[in-house]
1. Could you tell me which of the residues 42, 37 is farther than 30 Å from residue 85 by Cα, among the charged types (D, E, K, R), modelled with pLDDT of 70 or more and assigned to a helix (DSSP H, G or I)?
2. Test residue 71 against the stated conditions and say whether it is modelled with pLDDT of 70 or more, of a type outside the set (Val, Ile, Thr) and exposed (fewer than 10 other Cβ atoms within 10 Å of the Cβ).
3. Just checking, which of 22, 13 is surrounded by 10 or more Cβ atoms within 10 Å (Cβ to Cβ) and modelled with pLDDT under 85?
4. For the range 46-68, how many residues meet the condition of being of a type in the set (Gly, Ala, Ser) and either surrounded by 10 or more Cβ atoms within 10 Å (Cβ to Cβ) or at pLDDT 85 or above (or both)?
5. Could you list, ordered by first residue, the pairs with Cβ atoms under 7 Å in which the first is in the range 78-100 and under 18 Å from residue 66 (Cβ atoms) and the second is loosely packed, with under 11 Cβ neighbours inside 10 Å and of a type outside the set (A, V, I, L, M), at least 6 apart or interchain?
Amino acid sequence: MATDYDELRSDVAESQNTSLQALQSANAPDARSVVRDLDEADGLDGSDSPGGEFVAEELIIAVIPQKEDEFTCYSCFLVRHRSQIAKEKDGHAYCTECEG
C-alpha cells in the first residue's frame, strides 16, 4: 500500500485545530488596547533611561586645527598627510585608500 508522506497526520491536524480554537477563545487584549497601555506607561516613567543612569561628566577635548601639510579626504573625511593624496577633482582631494 502506498503512503502519502506529505499528508498531514490526523493527530497533528486535530491538535492544531484545538490549539487554534483555544487561542481564539482566550481573553487576549486587542492591538489597540496594548498600544494604549504602552503609551500610558511611557508617559509615567519618562525620567528613567532604558540604558541605566546618566552620568553628568563634562568631556574636555582639545581640537587641533588642520596643518598646512594635511588635507581632509572628501570620501572618508579623515585628515591625512599631503603625501597620501591620490587625486584631486573639483577642488576636493581623495586619499590613496579611497582611490586604491
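The values are calculated or read from the model by the stated rules, or taken from the named source; none is laboratory data. These numbers were taken from a predicted model, which means no experiment stands behind them. In this analysis, Cβ positions are derived from the backbone assuming ideal geometry, glycine residues included, and neighbour counts consider all displayed protein chains.
1. Being farther than 30 Å from residue 85 by Cα, among the charged types (D, E, K, R), modelled with pLDDT of 70 or more and assigned to a helix (DSSP H, G or I) holds for just one of 42, 37, which is 37.
2. Judged against the criteria, residue 71 is not a match.
3. So the residue among 22, 13 that is surrounded by 10 or more Cβ atoms within 10 Å (Cβ to Cβ) and modelled with pLDDT under 85 is 13.
4. Counting residues in the range 46-68 that are of a type in the set (Gly, Ala, Ser) and either surrounded by 10 or more Cβ atoms within 10 Å (Cβ to Cβ) or at pLDDT 85 or above (or both) gives 1.
5. 79/66; 81/69; 82/69
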